[in-house]
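The values are calculated or read from the model by the stated rules, or taken from the named source; none is laboratory data. The structure displayed is predicted, hence computed values, not measured ones. Don't worry about glycine lacking a Cβ; one is built from the backbone with ideal geometry, like all the others, and counts go over all protein chains shown. To get the accessible areas, we keep the full protein, side chains included, count just its heavy atoms, and leave off ligands, DNA and RNA. Shrake-Rupley method; radii C 1.70, N 1.55, O 1.52, S 1.80 Å.
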Amino acid sequence: MRESDDRASEDDDWYRQARRETEVERLDRNWSDLVQELRVVQTGVQFLVGALLILPFQAPFGELSQPLRLLYLATVGAAIGATVFLVAPVSWHRILFRRHRLDSVVAAAHRCALAGVALLGLALTGAVVLVVAVVAGTAEGVFAGAVVAALFLAIWLVAPWRWRRTSMRVDR
C-alpha cells in the first residue's frame, strides 16, 4: 500500500471519529468550502480581467514600451488563465451532476483552485509592475513587482506550507 493510501485511510478514520462524517458528508463539506472560496476569488479575477481588457483602448496605451506591452500580454494571459482554472470546477460539477463523481470533482477542483490562485498571483504582480512602471518608472515597477511577488509567496505559499507541515492532520 502506498503512503498516500495510508494517509487517506488515517484521515478517513479521523473524520469518522472526530466529525462523525461519512465519506459523502465529507465530500459535500469539502465541495461547499471550495465553492465559497472560489466565490471570493472569482470576483477579484473578473474585475482584474475587465480592467486589463480595456487598457489597450486607452490613448496612453500606445506610448507603452515594447517590454511593457509584452508584460501586459503576459499579465492578461495569467488573468485569463486564472479565470479558466477558477471557473472550471463549476462546469465540471454541472457536467458530472448526478453521476456520483463528487470525489473526482472535489479532487480536480482543488487542483484547479491552486493553479488559479497561482496564476492570480502572477497576474496581480504583473499588474503592479505595469502600474508602477507607468507612474514612477521601469526600475520602480520592477522593484514593486519583486516586493509583491515576495509577499504573495510568503503569505499564499510559504506560511500555509509551514503550517501544513507542522499540523498533525491534513483537513481534506
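Some notes on this structure:
- Charge dipole of the chain (Cα centre as origin; +1 on each Lys and Arg Cβ, -1 on each Asp and Glu Cβ, all else neutral): 220 debye, rounded to the nearest 20.
- Mean separation of Cα contacts under 8 Å, 6 or more apart, over the residue count of the stretch 1-148: relative contact order %: 23
- Entry comment: accessible area of the stretch 47-146 is 59 Å² per residue, from protein heavy atoms only and a probe of 1.4 Å.
- Computed from label points 7 Å out along Cα-Cβ, the spacing between Ala108 and Val49 is 1.9 nm.
- Computed [θ] at 222 nm, deg cm²/dmol, the chain (DSSP H ≥ 4; -39,500 (n - 2.57); rounded to nearest 500): -27000 deg cm²/dmol
- Charge dipole (debye, nearest 20) of the stretch 71-172; +1 at Cβ of Lys and Arg, -1 at Cβ of Asp and Glu: 700
- Comparing Ala159, Ala133, Ala123 in a Gaussian network model of the chain where C-alpha atoms under 10 Å apart are linked, the largest mean-square fluctuation is found at Ala159.
- At R0 = 41 Å, FRET efficiency that the Cβ-Cβ distance of Leu73 and Glu23 yields, to 0.05: 0.40
- Selected from Ala127, Ala139, Ala79 as most flexible by GNM, with the chain as the system and alpha-carbon contacts under 10 Å: Ala139
- Diffusion coefficient, µm² s⁻¹, Stokes-Einstein with Kirkwood Rh over alpha-carbon pairs of the stretch 31-72 at 4 °C and 1.567 mPa s: 105
- For the chain, taking Cα atoms only, Rg and Dmax work out to 20.1, 63 Å respectively.
- Sparse-neighbourhood loop sites, GluC sites (Glu not before Pro) in the stretch 20-59 - DSSP loop, at most 13 other Cβ within 10 angstrom: none
- Cα-based Kirkwood hydrodynamic radius, the stretch 109-172, one decimal, Å: 13.2
- Looking at the stretch 62-118, the trypsin sites (Lys or Arg not before Pro) that sit in a DSSP loop and have at most 12 other Cβ atoms within 10 Å of their own Cβ are Arg98, Arg99.
- Choice from Trp161, Trp31, Trp92 showing the highest fluctuation, given a GNM over the chain with Cα pairs closer than 10 Å: Trp161
- The stretch 31-163 - percent of accessible surface contributed by carbon and sulfur, probe 1.4 Å: 72
- Taking the square roots of five times each eigenvalue of the Cα gyration tensor of the stretch 49-141, the equivalent ellipsoid has semi-axes of 36, 13, 7 Å, listed largest first.
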